[in-house]
1. Quick test for you: out of V156, V162, V189, pick the one residue that is under 19 Å from T232 (Cβ atoms), in contact with a Lys or Arg (Cβ under 8 Å, 6 or more places away or on another chain), of a type in the set (A, V, I, L, M) and in a helix (DSSP H, G or I).
2. Which one of these does A320 not meet: (1) open to solvent by 60 Å² or more (accessible area, probe 1.4 Å); (2) in a helix (DSSP H, G or I)?
3. Hey, could you check region 76-135 for residues that are at pLDDT below 85, in contact with a helix residue (DSSP H, G or I) (Cβ under 6 Å, 6 or more places away or on another chain) and in a strand (DSSP E or B) and say which is farthest from M439 (Cα to Cα)?
4. Here is a list: Y360, Y400. Which entry is of a type outside the set (K, R), over 27 Å from N307 (Cβ atoms), touching a Gly at 6+ places or on another chain (Cβ under 9 Å) and touching a residue at least 24 places away in the same chain (Cβ under 8 Å)?
5. Consider only pairs whose beta carbons are under 7 Å apart and that are at least six residues apart or on different chains; among these, list those whose first residue lies in region 130-148 and is closer than 20 Å to I176 by Cα and whose second residue is of a type in the set (G, A, S) and not in a helix (DSSP H, G or I).
6. Any chance region 268-282 includes a residue that's buried (at least 21 other Cβ atoms within 10 Å of the Cβ), part of a loop (DSSP other than H, G, I, E, B) and out of contact with any Phe, Trp or Tyr (no Cβ under 9 Å at 6 or more places or on another chain)?
7. Here's a check for you: in region 182-207, which residue that is touching an Asp or Glu at 6+ places or on another chain (Cβ under 9 Å) and farther than 20 Å from D424 by Cβ is surrounded by the most Cβ atoms within 10 Å (Cβ to Cβ)?
8. What pairs can you find where one residue is in region 194-206 and over 13 Å from M442 (Cα atoms), the other is open to solvent by 60 Å² or more (accessible area, probe 1.4 Å) and in a helix (DSSP H, G or I), and their Cβ atoms are less than 6 Å apart, with a gap of 6+ or different chains?
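The values are calculated or read from the model by the stated rules, or taken from the named source; none is laboratory data. Here the structure is a predicted model, which is why all the values come from computation and not from measurement. All Cβ positions, glycine included, derive from the backbone under ideal geometry; neighbour counts span all protein chains shown. For the accessible areas, the whole protein counts, side chains as well, though only heavy atoms, and no ligand, DNA or RNA atoms are used. Shrake-Rupley method; radii C 1.70, N 1.55, O 1.52, S 1.80 Å.
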Amino acid sequence: MNPSALSGIVPRNGVNCVSCVGFHVKDMWHVQRSRTLHCLAQRARNGNNTIFNSHRVRQIGRYSIPGRRIRCSAVSVGAVEEWCQKVGSPGVFMCSEGSDEDVGSVESDRRVYRAKQDVDKGAAIISMPGDVAVTITDVEQDEELKAITEGRSELVCLAIFVAKHKSMGDVSPWSILMQSLPESVDSPVFWSEDERARLLRGSPVAEESRSRNKELQKEWESLEGTCPSWLTKDGFFNAMSVVLSHAVFLPSVGCFALLPILGDIQKTGSGSGASIDYDVNSNMVTVTSSISLSAGDVIEVFDGRPNGEIFMATGYVEKANPADYLVLNASLVVADRLYTMKEEVANAMGFSKSVDFPIYQDRLAIQHLAYLRMSRITDAAQMAKVNFEEDVIISQENEYEILQLVMGDLREWLQQYEGGLEDDVKELQRTDLSRRDRMATMLRLGEKKILRGTMDGVRKRLAPIRGIPTKSGGLEDPNSDLIEIFDAIEAIPSAPKKLWQGLQSWAKGDQDPNWKR
């Protein structure tokens, strides 16, 4: 088949799509694949890539579907390297595989990749030809899949592709790739309701995973009447879980791709994580190091999602994810007489009447504080002070009110968890803890740290205020009596020390200026 057929772009349902011809002969498959990613790159350059956009990149975990159990890849780096050589491009493989046991982790079923030798910053750690990547174009090449996936999202299309080729076994021209992917991925999205209630009480992941499970059920119901015999409900669910955890996004061509090894590399929210992209000129998908690596260092790929999203997509939680955050809602008061004016200001700044703002363990967004300040303004003249670019206090009364509101929301959230932060720390010390329990505990611990950290930050901002205005013009804390009691209680443990220091001071004559005369 002439490979130029792959470059034809024909409109379908108002979307420019690549029209390609399928294949069946193993030895010739790479010839017919020879311009798949090039076509996607051309589509991206022409601005016609409406299959996927930046919003959907952020929502990769939106349809996160769990499976039953994560397992290590059944294909070694050497086997993948040999496959690439058969395709015609040997690639670069500066890595070796191992398990989590190598880094002292209890998750021994997880694959870990390390640098085989020193790698310079900006150098390629792994590079493989685009011909070993499965993209939406491969789904469109298959007439059977094309009929099933018409009008469905890119990730669902890839999941159906995986389900089909998994069922084909060694007969599939993609057997090496299919063997490199796990059969399924354990995710809270497909846990039982009792399991969610037991392990995720208080966590927003409980409700979100429940919602995504319902979306999955609806997706399957729309497929059930038209799917072939090889596509079962379990097969679809398992394939979807694999795609969500292993698909990598290639910015230069604006699409997701499934490749061996790359989906198994550990993810991190740190900027030191490597990047993955496709180079049009060389037709290579490359993992580029963001820092210098020494031989034996664990290879990690950057993933800026919070732990909740990563957990629902991959079944794992990063122990210290710098990109981890929770969201706290802030909204305008509809009964406010300044509501219309505030809504116009919010819209002008790109916000709506209700906004979910991220909260981190060590910081609050300036826009979050500005929005809260604006929402509690009662004097129209103060609207001129609202600043979404700098941390500008409207008034002490206003600042006290919004900080107390935030503190109240945080306390209420923390009370929803069954145990405290210390309980989770003790739980993680158990050696008999199951993998699922351990991941859920790590998730809860991270969320509680964020809430505790935010509360500490709010307290520091409240400290200079220390009260509310009174008629006399001074500041008085409405809870001053209680604070005085707690201050007295907290001072009890230090009382003996203060007594002894007082006796020492008296003996030295510190209190008598004439003692040494």
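1. Among V156, V162, V189, only V189 is under 19 Å from T232 (Cβ atoms), in contact with a Lys or Arg (Cβ under 8 Å, 6 or more places away or on another chain), of a type in the set (A, V, I, L, M) and in a helix (DSSP H, G or I).
2. Failing condition for A320: (2).
3. The qualifying residue farthest from M439 (Cα to Cα) is E97.
4. Criteria check complete, one pass: Y400.
5. Every condition considered, the pairs that remain are D131/S34; A133/A257; V134/A257; T135/A257; Q141/G22; D142/G22.
6. no
7. This residue is V189.
8. Within 6 Å, no pair qualifies.
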